[in-house]
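In what follows, a structure is listed as structure tokens, so that the remarks can point back to it.
All of the numbers you see were taken from the coordinates with simple rules; none came from a lab. Computed from a predicted model, the values in this text were never measured in an experiment. FYI the Cβ positions are ideal-geometry reconstructions off the backbone, even for glycines, and counts take in every protein chain you see.
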Amino acid sequence: CAPTRPPAGQTVNATLLSATMVLPFRQTKSSASILVLLCTLCALASTSYAFSHHRHVPSSVRAVQPTPLSSPKWRPAIKVSSLRTSLSSTSDDADSSKTVQPETINDLQNIGTLVGAQTLLVPISIFVANMLRLPNRGLGSGFILNSAATIQGIQWTIPLFVIAGIMRVIEPYSPALQDVTKATQRSVLAVMGSRRRPVFALLVSILLGAVAGWGEEWLFRGVFQTSMSRLFGEGIALGVSGVVFGLLHAVTPVYALLAGAASLFFGYLYNTYGNLAVPMVCHAVYDIGALMWAHWSVTALTKKEQDEIMAGGVSVAPILSSETTNQNDDE
């Protein structure tokens, strides 16, 4: 899934999940049930964290609380007619020398934090796999990243993109799907900024997609699903890993459902091919495409629309209308 959780939330998810999975236990159903319960509780805690912290606003696109025009404290510092002229003549090129450097630094910081949080899943997976004595450090005995696995992973992104396209058609009629899109766009704005930068966005998408596909599949499919399969069978393990994965991505309720469905799909690929490289490639390639699409669509919006997305439903600074301008000019 495209990264929509705040970086701190991803670290909390990884820490909590690994803490429960590395508890010393014997391979019995009773102890494994306790393990699954603890993981689910951690997922629920992460859900609350995601809902309360997902509105992370970068300095490049920051919403401000409006000052009511009727307030006695509000006084225009300059004539509104001059302000209107100034606003109409402002462009991204005019102030690029002032904003590009801070925006770039802020974006790089967000990217570094996000990549670092996702990369932590790799050593956590290795550590947990060693504790549980899983083959090949959790990658599985059938793991091989070759051209065949890469082609298979890419091919299996086709149904995912088809479903995404169908949801795109339905989205105008579904507020819940609109919230999912806004959640993704909010994270893309925080990481890639508000200006369209195709090369930069592609590089960032490849980086984020690669670390997410590699780390999340290693932990959830290679370690978590495999350990559950040993105890309860593939069916139950597939369902439990899907529920936990969905809850850990619960930025919105529908996003949690979609993430859980994606987890079932990736888990099915792992069970079918017996090669963790296939879901890793599929996950990574889909994330790259989703991130690029989100960047392309959100940078086509106006500054006001971007501010509204970043505000997450909070009112943003209003743009003075012509009626308000005329009233103030008359006064």
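Descriptive notes on the structure:
- Cβ-based charge dipole, the stretch 185-280, positive-most Cα from LEU264, PRO253, LEU219: PRO253
- Rounded to the nearest Hz, the phi-derived 3J(HN,Hα) couplings of the stretch 277-286 under the Karplus curve 6.51 cos²θ - 1.76 cosθ + 1.60 (θ = phi - 60°) are 5, 5, x, 4, 5, 4, 4, 5, 5, 5, where x marks glycine and proline.
- Pairwise centroid distance, computed over Cα atoms, of the stretch 175-204 with the stretch 117-156, Å: 28 Å
- Over the stretch 105-208, relative contact order from alpha-carbon pairs under 8 Å, at least 6 apart, %: 37 percent
- Scalar couplings 3J(HN,Hα) for the stretch 195-201, obtained by applying the Karplus form with A = 6.51, B = -1.76, C = 1.60 to θ = phi - 60°, are 9, 6, 9, x, 5, 4, 5 Hz; x denotes Gly and Pro.
- Normalised contact order of the stretch 198-276, rounded percent, pairs of Cα under 8 Å and 6 or more residues apart: 25 percent
- Fully extended contour minus Cα-Cα distance, from GLU305 to ILE236, at 0.36 nm per residue: 20.5 nm
- Taking 7 Å steps out from each Cα toward its Cβ at ILE151 and ASN271 produces label points 2.7 nm apart.
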